[in-house]
Amino acid sequence: MKRIFTPFTLSDAGGLATVLQYKEEIQPGKKGDDYRGFKTEDYVFAPPKVEKVYQKTHLLEKLVADSDQLYINAHCDNGIDYLSTNVSCTSELKVTAEDLVNQLVGHGFPTTSLAKVKLWVCKGGQGKDSKESFAAGFSRKMWEAGYHTCKIFGYRRSVFQKFMKDGSDEYHKWAANDESAVSVERRIENAITGVSKDSQMAKMIWESELRTYQQDFQQAVDSILRSQFKHKLFPGLQSGGAMRGPRASDPTVRVQFRNGKEVGTT
């Protein structure tokens, strides 16, 4: 069994509501429950909250076996201690590691689960200077809450939000090429940061493009580059965007965490 959990309400999730979505064309050779991606019934969002307390549900209680997988889906960056609803992580809607654990508890995720918990967030497994990664902090909070048997993974690089083909026409999950992703993200962030009318317009356009292309970073960038008006709002932005790098499962990308520390790659 697998589920993809977004720790925001459906109304706030935006394009996150369709990340790694199931599509018929990416299923060659797959049958029954063995399918790539997530179907409508696999998506789970933040539990209802009453007076600052998450209400109990049973949506994650069946994730108990070591073959089960729980993807946690949001936006993040290296060395920050929260999850966000937008790529630049500037949204007022933020979820801390402690809050994330409380939401999992609310949905009934068992403390005895053997499932793999994968933080499908950009650079969630990468710290910055003296700041630890989100995955490290999250794994510590999970340990403190009694989750000692599930395996927690974070990713050092940006990750793509849809399946893409490899050279043999097989569909897989991918990480971005670090240098290109950092360069483009920085230019976009510079364009949408500030209080000028241009920066406000850039932010609106960027978020609109992401919604249009279902959070596909590369397609959103390419769309901006095709419009002379839009391109003027993003100085220095060039084609080439966040180019595909290694597979997301590559040991240079995916790292396992346990009680605040890296413990391996599998």
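The values are calculated or read from the model by the stated rules, or taken from the named source; none is laboratory data. Keep in mind the model is a prediction, meaning the values are calculated, not measured. All Cβ positions, even for glycine, are placed from backbone atoms using ideal geometry, and neighbour counts span all protein chains on display.
So if I check each of THR149, THR96, which one is of a type in the set (Ser, Thr, Tyr) and under 22 Å from LYS2 (Cα atoms)? Walk me through how you get there before you give the answer.
Working: THR96 fails: under 22 Å from LYS2 (Cα atoms).
Among THR149, THR96, only THR149 is of a type in the set (Ser, Thr, Tyr) and under 22 Å from LYS2 (Cα atoms).
Name the single residue that is surrounded by the fewest Cβ atoms within 10 Å (Cβ to Cβ) among those in segment 115-133 being in contact with a Phe, Trp or Tyr (Cβ under 8 Å, 6 or more places away or on another chain) and assigned to a strand (DSSP E or B).
LYS116
Answer yes or no: is there a residue in segment 31-46 that is farther than 21 Å from GLY15 by Cα, touching a Pro at 6+ places or on another chain (Cβ under 9 Å) and modelled with pLDDT of 95 or more.
Scanning segment 31-46, I find no residue that is farther than 21 Å from GLY15 by Cα, touching a Pro at 6+ places or on another chain (Cβ under 9 Å) and modelled with pLDDT of 95 or more, so the answer is no.
For segment 78-91, enumerate the residues that are at pLDDT below 90 and more than 14 Å from the chain's Cα centre (by Cα).
Quick first cut of segment 78-91, residues at pLDDT below 90 only: 86-91.
Across segment 78-91, the qualifying residues are THR90, SER91.
Regarding segment 89-110, can at least one residue be identified that is in contact with a His (Cβ under 6 Å, 6 or more places away or on another chain), of a type outside the set (Gly, Ala, Ser) and surrounded by fewer than 23 Cβ atoms within 10 Å (Cβ to Cβ)?
Residues of segment 89-110 in contact with a His (Cβ under 6 Å, 6 or more places away or on another chain): 89, 108.
Narrowing further to those that are of a type outside the set (Gly, Ala, Ser): 89.
From what is left, the residues that are surrounded by fewer than 23 Cβ atoms within 10 Å (Cβ to Cβ) are 89.
Checking segment 89-110: at least one residue is in contact with a His (Cβ under 6 Å, 6 or more places away or on another chain), of a type outside the set (Gly, Ala, Ser) and surrounded by fewer than 23 Cβ atoms within 10 Å (Cβ to Cβ).
State all residues of segment 145-165 that are more than 27 Å from ALA65 (Cα to Cα) and either buried (at least 24 other Cβ atoms within 10 Å of the Cβ) or free of Cβ contacts under 8 Å to residues at least 60 places away in the same chain (or both); if no residue qualifies, say none.
Initial filter on segment 145-165 (more than 27 Å from ALA65 (Cα to Cα)): 157-158, 164-165.
Once the filter is applied, which keeps residues that are more than 27 Å from ALA65 (Cα to Cα) and either buried (at least 24 other Cβ atoms within 10 Å of the Cβ) or free of Cβ contacts under 8 Å to residues at least 60 places away in the same chain (or both), segment 145-165 yields ARG157, SER158, LYS165.
Please find, within segment 61-77, the residue that is nearest to the chain's Cα centre (by Cα) out of those that are crowded, with 18+ Cβ neighbours inside 10 Å and aliphatic (A, V, I, L, M).
In this case the residue turns out to be ALA74.
Sort through LYS56, LYS39 and tell me the only one that's in contact (Cβ under 8 Å) with a residue 12 or more places away in the chain and more than 25 Å from GLY137 (Cα to Cα). Quick ask: steps written out before the conclusion?
Values: LYS56 fails: more than 25 Å from GLY137 (Cα to Cα).
Residue meeting the stated conditions: LYS39.
Being farther than 23 Å from SER84 by Cα and among the charged types (D, E, K, R) is the filter here; which residues of segment 1-38 pass it?
If the condition is that a residue be farther than 23 Å from SER84 by Cα and among the charged types (D, E, K, R), then LYS23, GLU24, GLU25, LYS30, LYS31, ASP33, ASP34, ARG36 are the ones that fit.
So, GLY14, is that one at pLDDT 85 or above, surrounded by 18 or more Cβ atoms within 10 Å (Cβ to Cβ), of a type outside the set (A, V, I, L, M) and under 21 Å from LYS116 (Cα atoms) or not?
On the way: at pLDDT 85 or above: yes; surrounded by 18 or more Cβ atoms within 10 Å (Cβ to Cβ): yes; of a type outside the set (A, V, I, L, M): yes; under 21 Å from LYS116 (Cα atoms): no.
No: the conditions fail for GLY14.
For segment 166-215, give me each residue that is surrounded by 19 or more Cβ atoms within 10 Å (Cβ to Cβ), in a helix (DSSP H, G or I) and modelled with pLDDT of 80 or more.
ALA202, LYS203, ILE205, TRP206, GLU207, GLU209, LEU210
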